[in-house]
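The values are calculated or read from the model by the stated rules, or taken from the named source; none is laboratory data. Remember, it's a predicted structure, so these values are computed and weren't measured experimentally. As a convention, Cβ positions derive from the backbone with ideal geometry for all residues, glycine included, and neighbour counts pool all protein chains shown. The area values use the complete protein model at the heavy-atom level, side chains included, leaving out ligands, DNA and RNA. Shrake-Rupley method; radii C 1.70, N 1.55, O 1.52, S 1.80 Å.
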Amino acid sequence: MSIFDVAVWKNGRVCMLDQRLLPHEEVYLEFSSAQEVADAIRSMVVRGAPAIGCATAFGVAVEAQRLAKQGFSGSWSEAMAPGLQILRESRPTAVNLTWALDRMQPLLDSTPKDEVPERLLQEAENIRLEDIESCKTMGRLGAEILPRPEGRPLAIMTHCNAGALATAGYGTALGVVRAARDLLKNIKVYANETRPYLQGARLTAWELLKDDIDTTLLTDGMAGHIMSLGLIDVVVVGTDRIAANGDVANKIGTYTLAVLAKRHDIPFIVAGPLSTIDLNTPDGAGIPIEERPSDEVTHCLGKRSAPEGVGVRNPAFDITPAELVTAIATEKGVVTAPSIKKIRELFA
Ligand code: MRU
(Lines give C-alpha, C1' and ligand atoms only; values in the text may rest on other atoms or scores of the structure.)
Protein backbone atom coordinates (compact mmCIF):
# COMPACT_ATOMS: atom_id res chain seq x y z
CA MET A 1 0.00 0.00 0.00
CA SER A 2 1.00 3.59 -0.47
CA ILE A 3 1.76 5.84 2.46
CA PHE A 4 -0.26 8.49 0.60
CA ASP A 5 -3.81 8.27 -0.73
CA VAL A 6 -2.85 9.36 -4.24
CA ALA A 7 -6.16 8.23 -5.77
CA VAL A 8 -8.42 5.99 -3.69
CA TRP A 9 -12.10 5.31 -3.07
CA LYS A 10 -13.42 6.75 0.21
CA ASN A 11 -16.93 7.63 1.45
CA GLY A 12 -18.40 6.81 -1.99
CA ARG A 13 -16.11 9.38 -3.64
CA VAL A 14 -12.67 9.63 -5.22
CA CYS A 15 -10.20 10.84 -2.61
CA MET A 16 -6.89 12.37 -3.64
CA LEU A 17 -4.00 14.09 -1.91
CA ASP A 18 -3.78 17.64 -3.31
CA GLN A 19 -0.23 17.52 -4.72
CA ARG A 20 -0.33 21.24 -5.56
CA LEU A 21 0.05 22.05 -1.87
CA LEU A 22 3.06 19.83 -1.17
CA PRO A 23 5.48 20.03 0.56
CA HIS A 24 3.77 22.54 2.82
CA GLU A 25 0.35 21.00 3.45
CA GLU A 26 -1.14 17.50 3.26
CA VAL A 27 -4.75 18.12 2.24
CA TYR A 28 -7.11 15.46 0.89
CA LEU A 29 -9.93 16.38 -1.49
CA GLU A 30 -12.97 14.32 -2.53
CA PHE A 31 -14.52 14.22 -6.00
CA SER A 32 -18.02 13.08 -7.02
CA SER A 33 -18.17 13.17 -10.84
CA ALA A 34 -16.11 12.58 -13.98
CA GLN A 35 -16.03 16.35 -14.52
CA GLU A 36 -14.57 16.95 -11.06
CA VAL A 37 -11.94 14.24 -11.49
CA ALA A 38 -11.01 15.57 -14.95
CA ASP A 39 -10.61 19.05 -13.46
CA ALA A 40 -8.39 17.57 -10.74
CA ILE A 41 -6.20 15.87 -13.35
CA ARG A 42 -5.97 19.03 -15.48
CA SER A 43 -5.16 21.25 -12.50
CA MET A 44 -2.50 18.84 -11.17
CA VAL A 45 -4.19 17.79 -7.92
CA VAL A 46 -3.07 14.38 -9.14
CA ARG A 47 -0.24 13.92 -11.66
CA GLY A 48 2.24 11.30 -12.82
CA ALA A 49 1.24 8.82 -15.53
CA PRO A 50 0.11 5.76 -13.50
CA ALA A 51 -1.59 7.97 -10.88
CA ILE A 52 -3.49 9.71 -13.67
CA GLY A 53 -4.55 6.25 -14.92
CA CYS A 54 -5.86 5.30 -11.46
CA ALA A 55 -7.64 8.63 -10.99
CA THR A 56 -9.26 8.22 -14.41
CA ALA A 57 -10.53 4.74 -13.55
CA PHE A 58 -12.02 6.01 -10.29
CA GLY A 59 -13.44 8.97 -12.21
CA VAL A 60 -15.34 6.54 -14.44
CA ALA A 61 -16.56 4.62 -11.39
CA VAL A 62 -17.76 7.73 -9.56
CA GLU A 63 -19.59 8.97 -12.65
CA ALA A 64 -21.55 5.71 -12.82
CA GLN A 65 -22.41 6.00 -9.11
CA ARG A 66 -23.55 9.59 -9.68
CA LEU A 67 -25.84 8.53 -12.55
CA ALA A 68 -27.15 5.55 -10.57
CA LYS A 69 -28.07 7.85 -7.66
CA GLN A 70 -30.07 9.99 -10.09
CA GLY A 71 -32.15 6.88 -10.84
CA PHE A 72 -30.80 6.50 -14.33
CA SER A 73 -32.23 3.60 -16.42
CA GLY A 74 -31.05 3.98 -20.06
CA SER A 75 -27.95 2.76 -21.90
CA TRP A 76 -24.79 2.97 -19.82
CA SER A 77 -22.59 3.57 -22.87
CA GLU A 78 -24.66 6.55 -23.95
CA ALA A 79 -25.04 8.01 -20.46
CA MET A 80 -21.34 7.67 -19.68
CA ALA A 81 -20.05 8.98 -23.04
CA PRO A 82 -19.82 12.69 -22.04
CA GLY A 83 -18.00 11.88 -18.79
CA LEU A 84 -15.55 9.57 -20.54
CA GLN A 85 -14.85 12.25 -23.14
CA ILE A 86 -14.21 14.90 -20.50
CA LEU A 87 -11.73 12.57 -18.79
CA ARG A 88 -10.10 11.69 -22.13
CA GLU A 89 -9.38 15.35 -22.81
CA SER A 90 -7.98 16.24 -19.39
CA ARG A 91 -4.26 15.73 -20.19
CA PRO A 92 -2.77 14.52 -23.47
CA THR A 93 0.68 12.99 -22.93
CA ALA A 94 0.41 10.22 -20.32
CA VAL A 95 -1.06 7.26 -22.17
CA ASN A 96 -2.18 5.65 -18.90
CA LEU A 97 -5.22 7.91 -19.08
CA THR A 98 -6.55 6.42 -22.32
CA TRP A 99 -5.26 2.99 -21.25
CA ALA A 100 -7.50 3.19 -18.15
CA LEU A 101 -10.51 4.36 -20.20
CA ASP A 102 -9.97 1.56 -22.71
CA ARG A 103 -10.00 -0.91 -19.85
CA MET A 104 -13.12 0.50 -18.18
CA GLN A 105 -15.25 1.27 -21.25
CA PRO A 106 -15.95 -2.30 -22.46
CA LEU A 107 -17.44 -3.11 -19.04
CA LEU A 108 -20.33 -0.73 -19.76
CA ASP A 109 -21.69 -3.14 -22.37
CA SER A 110 -20.45 -6.49 -21.08
CA THR A 111 -21.85 -6.20 -17.53
CA PRO A 112 -25.50 -6.76 -16.52
CA LYS A 113 -27.01 -3.27 -16.29
CA ASP A 114 -27.72 -3.13 -12.57
CA GLU A 115 -24.20 -4.34 -11.77
CA VAL A 116 -22.33 -1.71 -13.83
CA PRO A 117 -21.52 0.80 -11.05
CA GLU A 118 -20.17 -1.89 -8.72
CA ARG A 119 -18.23 -3.61 -11.53
CA LEU A 120 -16.57 -0.32 -12.58
CA LEU A 121 -15.55 0.38 -9.01
CA GLN A 122 -14.12 -3.11 -8.70
CA GLU A 123 -12.11 -2.62 -11.91
CA ALA A 124 -10.77 0.75 -10.74
CA GLU A 125 -9.64 -0.90 -7.53
CA ASN A 126 -8.02 -3.72 -9.57
CA ILE A 127 -6.11 -1.10 -11.59
CA ARG A 128 -4.90 0.57 -8.38
CA LEU A 129 -3.75 -2.68 -6.75
CA GLU A 130 -2.13 -3.96 -9.94
CA ASP A 131 -0.21 -0.71 -10.30
CA ILE A 132 1.30 -1.08 -6.82
CA GLU A 133 2.35 -4.65 -7.61
CA SER A 134 3.79 -3.61 -11.00
CA CYS A 135 5.83 -0.87 -9.35
CA LYS A 136 7.26 -3.28 -6.80
CA THR A 137 8.22 -5.85 -9.42
CA MET A 138 9.68 -3.25 -11.80
CA GLY A 139 11.53 -1.69 -8.88
CA ARG A 140 13.15 -5.00 -7.99
CA LEU A 141 14.02 -5.85 -11.60
CA GLY A 142 15.38 -2.35 -12.21
CA ALA A 143 17.48 -2.41 -9.03
CA GLU A 144 19.12 -5.66 -10.10
CA ILE A 145 20.72 -4.03 -13.13
CA LEU A 146 22.12 -0.97 -11.33
CA PRO A 147 25.89 -0.46 -11.04
CA ARG A 148 27.36 -1.52 -7.67
CA PRO A 149 30.19 0.80 -6.69
CA GLU A 150 32.47 -0.57 -3.98
CA GLY A 151 32.95 1.20 -0.68
CA ARG A 152 30.67 4.17 -1.37
CA PRO A 153 26.97 4.80 -1.92
CA LEU A 154 25.43 4.25 -5.35
CA ALA A 155 24.57 7.74 -6.65
CA ILE A 156 21.28 7.86 -8.60
CA MET A 157 20.12 10.99 -10.42
CA THR A 158 16.38 11.36 -11.03
CA HIS A 159 14.13 13.97 -12.61
CA CYS A 160 10.56 15.11 -11.93
CA ASN A 161 8.60 12.86 -9.57
CA ALA A 162 8.12 9.24 -10.59
CA GLY A 163 7.46 8.09 -7.06
CA ALA A 164 4.66 6.86 -4.83
CA LEU A 165 3.00 10.21 -5.52
CA ALA A 166 2.99 9.56 -9.27
CA THR A 167 1.57 6.03 -9.04
CA ALA A 168 -0.88 4.11 -6.87
CA GLY A 169 2.09 3.65 -4.53
CA TYR A 170 5.84 2.81 -4.38
CA GLY A 171 6.75 4.54 -7.65
CA THR A 172 8.41 3.62 -10.94
CA ALA A 173 11.81 5.40 -10.96
CA LEU A 174 11.55 5.85 -7.20
CA GLY A 175 10.40 2.22 -7.00
CA VAL A 176 13.81 1.34 -8.43
CA VAL A 177 15.38 3.68 -5.87
CA ARG A 178 13.44 2.04 -3.01
CA ALA A 179 14.34 -1.46 -4.18
CA ALA A 180 17.98 -0.37 -4.58
CA ARG A 181 17.98 0.89 -1.01
CA ASP A 182 16.75 -2.52 0.17
CA LEU A 183 19.16 -4.44 -2.07
CA LEU A 184 22.36 -2.40 -1.81
CA LYS A 185 21.70 -0.66 1.52
CA ASN A 186 23.93 2.28 0.59
CA ILE A 187 22.43 4.70 -1.93
CA LYS A 188 22.23 8.43 -2.50
CA VAL A 189 19.78 10.32 -4.73
CA TYR A 190 20.39 13.53 -6.67
CA ALA A 191 16.95 15.00 -7.45
CA ASN A 192 16.69 17.68 -10.13
CA GLU A 193 14.22 20.39 -9.12
CA THR A 194 12.35 20.14 -12.47
CA ARG A 195 11.46 23.65 -13.58
CA PRO A 196 8.89 25.02 -14.10
CA TYR A 197 6.51 22.97 -11.96
CA LEU A 198 9.14 21.88 -9.41
CA GLN A 199 8.01 18.26 -9.07
CA GLY A 200 11.58 17.31 -8.12
CA ALA A 201 11.93 19.92 -5.39
CA ARG A 202 8.38 19.85 -4.06
CA LEU A 203 7.48 16.18 -4.45
CA THR A 204 10.51 13.92 -4.94
CA ALA A 205 12.59 15.56 -2.21
CA TRP A 206 9.56 15.47 0.14
CA GLU A 207 8.74 11.85 -0.64
CA LEU A 208 12.32 10.56 -0.36
CA LEU A 209 13.03 12.39 2.88
CA LYS A 210 9.84 10.90 4.34
CA ASP A 211 11.35 7.53 3.45
CA ASP A 212 14.75 8.40 5.02
CA ILE A 213 16.59 8.22 1.70
CA ASP A 214 19.69 10.43 1.44
CA THR A 215 18.63 13.11 -1.08
CA THR A 216 20.46 16.10 -2.57
CA LEU A 217 18.50 18.69 -4.54
CA LEU A 218 19.96 20.25 -7.70
CA THR A 219 18.57 22.84 -10.08
CA ASP A 220 18.19 21.36 -13.57
CA GLY A 221 21.14 23.28 -15.01
CA MET A 222 23.53 21.70 -12.49
CA ALA A 223 23.08 18.15 -13.78
CA GLY A 224 25.88 18.24 -16.39
CA HIS A 225 28.41 19.73 -14.00
CA ILE A 226 27.59 17.19 -11.28
CA MET A 227 27.94 14.37 -13.81
CA SER A 228 31.27 15.76 -15.04
CA LEU A 229 32.59 15.57 -11.46
CA GLY A 230 31.98 11.82 -11.53
CA LEU A 231 29.30 12.07 -8.84
CA ILE A 232 26.54 10.16 -10.69
CA ASP A 233 26.56 6.39 -11.29
CA VAL A 234 23.19 6.07 -13.02
CA VAL A 235 20.20 8.15 -14.12
CA VAL A 236 16.76 6.63 -13.41
CA VAL A 237 13.60 8.36 -14.63
CA GLY A 238 9.93 7.52 -15.13
CA THR A 239 7.90 7.94 -18.28
CA ASP A 240 4.53 9.20 -19.51
CA ARG A 241 4.50 7.22 -22.73
CA ILE A 242 6.86 4.84 -24.48
CA ALA A 243 6.36 4.55 -28.24
CA ALA A 244 6.52 1.18 -30.00
CA ASN A 245 10.17 1.73 -30.97
CA GLY A 246 11.29 2.61 -27.42
CA ASP A 247 11.31 6.42 -27.73
CA VAL A 248 10.40 7.83 -24.32
CA ALA A 249 8.22 10.81 -23.42
CA ASN A 250 8.91 12.14 -19.95
CA LYS A 251 9.06 15.44 -18.08
CA ILE A 252 10.72 18.32 -19.89
CA GLY A 253 14.48 18.14 -19.30
CA THR A 254 14.70 14.35 -19.50
CA TYR A 255 16.11 14.44 -23.04
CA THR A 256 18.83 16.85 -21.90
CA LEU A 257 19.75 14.44 -19.12
CA ALA A 258 19.93 11.51 -21.54
CA VAL A 259 22.31 13.42 -23.82
CA LEU A 260 24.44 14.38 -20.83
CA ALA A 261 24.43 10.81 -19.53
CA LYS A 262 25.66 9.55 -22.92
CA ARG A 263 28.42 12.17 -22.95
CA HIS A 264 29.56 11.04 -19.48
CA ASP A 265 29.10 7.31 -20.11
CA ILE A 266 26.44 7.01 -17.41
CA PRO A 267 23.68 4.40 -17.82
CA PHE A 268 20.26 5.95 -18.47
CA ILE A 269 17.39 3.80 -17.18
CA VAL A 270 13.67 4.37 -17.73
CA ALA A 271 11.15 2.68 -15.41
CA GLY A 272 7.53 2.32 -16.49
CA PRO A 273 4.71 -0.25 -16.43
CA LEU A 274 3.28 -1.88 -19.55
CA SER A 275 0.31 0.50 -19.18
CA THR A 276 2.69 3.30 -20.23
CA ILE A 277 3.76 1.56 -23.45
CA ASP A 278 1.78 2.68 -26.48
CA LEU A 279 2.17 0.15 -29.30
CA ASN A 280 -0.18 2.26 -31.46
CA THR A 281 2.30 5.11 -31.65
CA PRO A 282 5.23 4.03 -33.80
CA ASP A 283 7.79 6.53 -32.50
CA GLY A 284 8.26 9.60 -30.35
CA ALA A 285 7.21 12.02 -33.09
CA GLY A 286 3.63 10.75 -32.71
CA ILE A 287 3.40 11.44 -28.97
CA PRO A 288 1.34 14.56 -28.17
CA ILE A 289 3.33 16.98 -26.00
CA GLU A 290 1.24 19.03 -23.60
CA GLU A 291 1.88 22.79 -23.76
CA ARG A 292 1.08 24.29 -20.36
CA PRO A 293 0.18 27.87 -19.35
CA SER A 294 2.91 30.48 -19.80
CA ASP A 295 2.63 31.80 -16.25
CA GLU A 296 4.30 28.62 -15.01
CA VAL A 297 7.43 29.95 -16.73
CA THR A 298 7.08 33.69 -16.15
CA HIS A 299 6.29 33.16 -12.47
CA CYS A 300 7.98 31.21 -9.71
CA LEU A 301 5.91 30.13 -6.68
CA GLY A 302 3.22 32.65 -7.60
CA LYS A 303 5.59 35.60 -8.07
CA ARG A 304 6.51 37.11 -11.46
CA SER A 305 10.16 36.36 -12.29
CA ALA A 306 10.27 37.58 -15.94
CA PRO A 307 9.39 40.90 -17.59
CA GLU A 308 5.90 41.46 -19.04
CA GLY A 309 5.82 40.95 -22.80
CA VAL A 310 8.53 38.27 -23.10
CA GLY A 311 7.73 35.32 -25.39
CA VAL A 312 7.28 32.00 -23.60
CA ARG A 313 7.20 28.31 -24.46
CA ASN A 314 6.11 25.74 -21.91
CA PRO A 315 6.19 22.19 -23.30
CA ALA A 316 5.65 19.93 -20.29
CA PHE A 317 7.37 16.88 -21.77
CA ASP A 318 10.12 15.95 -24.22
CA ILE A 319 11.11 12.88 -26.19
CA THR A 320 14.25 10.89 -25.50
CA PRO A 321 15.13 8.77 -28.54
CA ALA A 322 15.46 5.04 -27.83
CA GLU A 323 19.14 5.09 -28.82
CA LEU A 324 19.91 7.14 -25.69
CA VAL A 325 18.12 4.70 -23.38
CA THR A 326 20.30 2.03 -21.77
CA ALA A 327 17.37 0.01 -20.46
CA ILE A 328 13.63 0.13 -19.81
CA ALA A 329 12.52 -1.59 -16.60
CA THR A 330 8.95 -2.91 -16.59
CA GLU A 331 7.02 -5.36 -14.43
CA LYS A 332 7.46 -7.96 -17.19
CA GLY A 333 11.23 -7.63 -17.42
CA VAL A 334 14.05 -5.30 -18.35
CA VAL A 335 14.66 -4.40 -22.00
CA THR A 336 18.20 -3.28 -22.73
CA ALA A 337 18.91 -1.26 -25.89
CA PRO A 338 15.15 -1.01 -26.62
CA SER A 339 13.82 -1.80 -30.09
CA ILE A 340 10.40 -2.47 -31.65
CA LYS A 341 11.00 -6.20 -31.49
CA LYS A 342 12.11 -6.27 -27.85
CA ILE A 343 9.23 -4.06 -26.75
CA ARG A 344 6.66 -6.21 -28.55
CA GLU A 345 8.09 -9.28 -26.82
CA LEU A 346 7.11 -7.81 -23.43
CA PHE A 347 3.46 -8.24 -24.43
CA ALA A 348 3.88 -11.81 -25.68
O1 MRU B 1 3.45 16.72 -15.35
P2 MRU B 1 3.55 15.53 -14.47
O3 MRU B 1 3.95 15.86 -13.06
O4 MRU B 1 2.32 14.66 -14.53
O5 MRU B 1 4.73 14.68 -15.10
C6 MRU B 1 5.09 13.46 -14.49
C7 MRU B 1 6.27 12.83 -15.14
O8 MRU B 1 6.79 13.29 -16.12
C9 MRU B 1 6.72 11.52 -14.54
O10 MRU B 1 8.09 11.37 -14.70
C11 MRU B 1 6.01 10.38 -15.28
O12 MRU B 1 4.63 10.58 -15.28
C13 MRU B 1 6.30 9.09 -14.68
S14 MRU B 1 5.38 8.85 -13.20
C15 MRU B 1 5.71 7.35 -12.52
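Some notes on this structure:
- The loop-placed GluC sites (Glu not before Pro) in segment 2-68, going by DSSP, that have at most 15 neighbouring Cβ atoms within 10 Å of their Cβ come out as Glu25, Glu26.
- Reciprocal of mean inverse Cα separation for segment 139-345 (Kirkwood radius, Å): 17.2
- Structure note, pairs Lys251/Lys332; Lys188/Lys303; Lys210/Lys332; Lys10/Lys136; Lys185/Lys251; Lys188/Lys210: Cα-Cα distances above 26 angstrom occur for Lys188/Lys303; Lys210/Lys332; Lys185/Lys251.
- The chain: equivalent-ellipsoid semi-axes (sqrt of 5 x gyration tensor eigenvalues, Cα, Å): 33, 22, 19
- Ligands, DNA and RNA left out, the accessible area of segment 1-123 computed with a 1.4 Å probe is 50% carbon and sulfur.
- Taking every DSSP helix (H) stretch of at least 4 residues in the chain, weighting each as -39,500 (n - 2.57) and dividing the sum by the residue count yields a mean residue ellipticity at 222 nm of -11500 deg cm²/dmol.
- Segment 55-212, accessible area per residue, ligands and nucleic acids excluded (1.4 Å, Å²): 38
- Split the accessible area of segment 139-345 by element, probe 1.4 Å, and carbon with sulfur accounts for 53%.
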